[in-house]
């Protein structure tokens, strides 16, 4: 009993390290060392299966000497000890390697003088990960408790491997969509020393829903959450007192629909055109990031609480489904104690849990597998492995159950976040795309498809950027040069050609994604159609030009009228002064006055 308790304690400790997120390599090494120490054997091994080459690599080990671990490669052929273990449904115990006739060769064990051995398969969800083994140079009869211990350790390793793979997949997906969204332009504002907005960039509409003109001449503090006003005011004062020194702040800002967004801002003071201080502020929306960080902190706290209680349940059933052993603090989560379970039938205890009963029946048929089941409101991931008699018949079942309730909630939160980022890209009003250096679209969103007049994303991915999209191929070459020089392009305007041949003016912002060797892998870009805006600006310029011409013409006419008025007045005076008999002179003066009158405007 003392040995069993020590083995259970060792498995529980290993399970705690797995739940704490220990790196896989570290966990496997710890598992091998644990097996060698607890079973008091000279050699421990974890062989990793490589199905494509039908080989096994000594991934971790104890007692093999220098240059063996990590370099030893074994063939998984049909005659080897390793292949026999992989084919076996349960653990393989070898009392004497030299006389065992079940397999032909053991190229790792025999050269090192191993005599007795116990090996179990480390199962994965899709395929076996490999083999966990304990070997000794002394002849030894391993007990059923040793077998249970080895299977429990293998189950902990398998659980950690599958969890790590799932978390890596979710993390990669999240990072991909996050890179597309966070590449968008920040909000840029200019705020006077009195807190009044003097300028707001167009991105304020995308992030907060306001048109830039709505914020002009409005006080920024009217939009800041009341609880954050003191801190923001201190930051504004500090920036004004230290011109040129960036000052950071994080605060809640009311968006147009009335809810609050969390902004992360950096401001720097300068002297404005009126010789008064003004603050240039760059702000980005970090609401989702803060929400995720808060969720992550909450999950970590929950996980820390779970780890402190070692949420594992180790159990063994006989061939009739009666509990012969139940240990682990994971029982606390469901309000049970070992004394309430040992000696009782699982079929009676779990009568209202059909899936749990189905899993136990499945395990009693001799199958090794994992299953997720909810027991009294707690979600457990459980590995089942049959225990066999010497004749190969199923004598019972052992298993390890891990409380994954909190992990399941965290995975759901990550999945929702992933879907949220995907929805943002798919429903964005700006065109968002990834493209190759050669000029091919990798991914495009619906807004870009509509902008260029195509019917589907597949249709747009088939075109060539330089030939089919850019009206001037030199413009794309200049954009590529800017990416090469600075990794990012901000607000570059180019002319694109739609599918129907019409041209549009587009504003591009994006970044270059580089490989580890520094070469560019692709570009992530946001495109904004500014054709209508530029047309309106041109109309405004033409209107202003015509107004200026009209004002100039009116001024000239006014000056000319003044001159003609003087001429008329003097001509009339001369006409009055001439004697009546000078008819020719009077006729000439009348012609002058008539011409002056015709020339007046």
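Restricting to the stretch 218-235, name every residue that is within 18 Å of residue 198 (Cβ to Cβ) and under 33 Å from the mean Cα position of the chain (by Cα).
Listed by number, the residues that qualify are 220, 221, 223, 224, 232, 235.
Tally the residues that are within 24 Å of residue 271 (Cβ to Cβ) and in contact (Cβ under 8 Å) with a residue 12 or more places away in the chain, restricting the search to the stretch 221-240.
The qualifying residues number 7.
Check every one of the strands (runs of 3 or more DSSP E) wholly within the stretch 2-87 and list those with 1 or more residues that are assigned by TED's automatic domain parsing to the domain that holds residue 109 and under 18 Å from residue 115 (Cα atoms).
43-50, 55-62
Looking at 379, 400, 375 in this structure, which one is touching a strand residue (DSSP E or B) at 6+ places or on another chain (Cβ under 6 Å) and touching a residue at least 24 places away in the same chain (Cβ under 8 Å)?
Just a single option satisfies the conditions, and that option is 400.
Being within 49 Å of the chain's Cα centre (by Cα) and over 26 Å from residue 398 (Cβ atoms) is the filter here, so list the residues in the stretch 77-102 that pass it.
Passing the criteria: 77, 78, 79, 80.
Yes/no per residue for (1) within 21 Å of residue 400 (Cβ to Cβ); (2) within 41 Å of the chain's Cα centre (by Cα); (3) at pLDDT 85 or above:
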| residue | (1), (2), (3) |
| --- | --- |
| 14 | yes, yes, no |
| 21 | yes, yes, no |
| 33 | yes, yes, yes |
| 36 | yes, yes, yes |
| 56 | no, yes, yes |
| 61 | no, yes, yes |
| 104 | no, no, no |
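Are any residues in the stretch 171-200 more than 8 Å from the chain's Cα centre (by Cα) and modelled with pLDDT under 70, and if so, which ones?
180, 181, 182, 183, 184, 185
Would you confirm, using the coordinates I've provided, whether residue 337 is outside the structural domain of residue 152 (by TED's automatic domain parsing), farther than 23 Å from residue 143 by Cβ, surrounded by fewer than 13 Cβ atoms within 10 Å (Cβ to Cβ) and at pLDDT below 80?
Here the answer is yes, as residue 337 does meet what is asked.
Here are some residues: 380, 369. Which one is surrounded by 20 or more Cβ atoms within 10 Å (Cβ to Cβ), more than 19 Å from residue 149 (Cβ to Cβ) and under 35 Å from the mean Cα position of the chain (by Cα)?
Every option except 380 fails the conditions.
With the requirement that a residue be in contact with a helix residue (DSSP H, G or I) (Cβ under 8 Å, 6 or more places away or on another chain) and in contact (Cβ under 8 Å) with a residue 12 or more places away in the chain, what does the stretch 203-213 give you?
204, 210, 212
Can you list residue pairs whose Cβ atoms sit under 6 Å apart, with the first residue in the stretch 92-115 being free of Cβ contacts under 8 Å to residues at least 12 places away in the same chain and the second being buried (at least 18 other Cβ atoms within 10 Å of the Cβ) and outside any loop (DSSP other than H, G, I, E, B)? Count only pairs 6 or more apart in sequence or on different chains.
Here the result reads 100/94, each pair linking the stretch 92-115 to a residue that is buried (at least 18 other Cβ atoms within 10 Å of the Cβ) and outside any loop (DSSP other than H, G, I, E, B).
If a residue has to be in contact with a helix residue (DSSP H, G or I) (Cβ under 6 Å, 6 or more places away or on another chain) and farther than 21 Å from residue 319 by Cβ to count, how many in the stretch 363-372 make the cut?
Number satisfying all stated conditions: 0.
Is it true that some residue in the stretch 198-214 is surrounded by fewer than 16 Cβ atoms within 10 Å (Cβ to Cβ) and assigned to a helix (DSSP H, G or I)?
Checked the stretch 198-214: at least one residue is surrounded by fewer than 16 Cβ atoms within 10 Å (Cβ to Cβ) and assigned to a helix (DSSP H, G or I).
How many residues does the stretch 19-35 hold that are closer than 22 Å to residue 145 by Cα and surrounded by 20 or more Cβ atoms within 10 Å (Cβ to Cβ)?
Going through the stretch 19-35 one residue at a time, the tally reaches 5.
Does the stretch 452-476 hold any residues that are part of a helix (DSSP H, G or I) and in contact with a strand residue (DSSP E or B) (Cβ under 9 Å, 6 or more places away or on another chain), and which are they?
Those that are part of a helix (DSSP H, G or I) and in contact with a strand residue (DSSP E or B) (Cβ under 9 Å, 6 or more places away or on another chain): 457, 460, 461, 465, 468, 469, 475, 476.
If you take the residues in the stretch 300-334 that are touching a strand residue (DSSP E or B) at 6+ places or on another chain (Cβ under 8 Å) and modelled with pLDDT under 70, which one is nearest to residue 11 (Cα to Cα)?
Here the answer is 311.
Mind listing whichever residues of the stretch 114-133 are crowded, with 22+ Cβ neighbours inside 10 Å and part of a strand (DSSP E or B)?
117, 118, 119, 120, 121, 122, 130, 131, 132, 133
Starting from residues that are more than 44 Å from the chain's Cα centre (by Cα) and surrounded by fewer than 20 Cβ atoms within 10 Å (Cβ to Cβ), keep the ones in the stretch 134-170 and report whichever is nearest to residue 410 (Cα to Cα).
Filtering the stretch 134-170 for residues that are more than 44 Å from the chain's Cα centre (by Cα) and surrounded by fewer than 20 Cβ atoms within 10 Å (Cβ to Cβ), the one nearest to residue 410 (Cα to Cα) comes out as 145.
Since residue 534 meets every condition but one in (1) surrounded by fewer than 19 Cβ atoms within 10 Å (Cβ to Cβ); (2) without any contact (Cβ under 8 Å) to a residue 24 or more places away in the chain, which condition does it not meet?
Tallying (1) surrounded by fewer than 19 Cβ atoms within 10 Å (Cβ to Cβ); (2) without any contact (Cβ under 8 Å) to a residue 24 or more places away in the chain, residue 534 fails exactly one: (2).
Among the listed residues 244, 272, which satisfies the condition of being at positive phi and at pLDDT below 90?
Selected residue: 244, the only one of 244, 272 that is at positive phi and at pLDDT below 90.
The values are calculated or read from the model by the stated rules, or taken from the named source; none is laboratory data. Quantities reported herein were computed from a predicted structural model and do not represent experimental measurements. With ideal geometry, Cβ positions are generated from the backbone for all residues, glycine too; neighbour counts draw on all protein chains shown.
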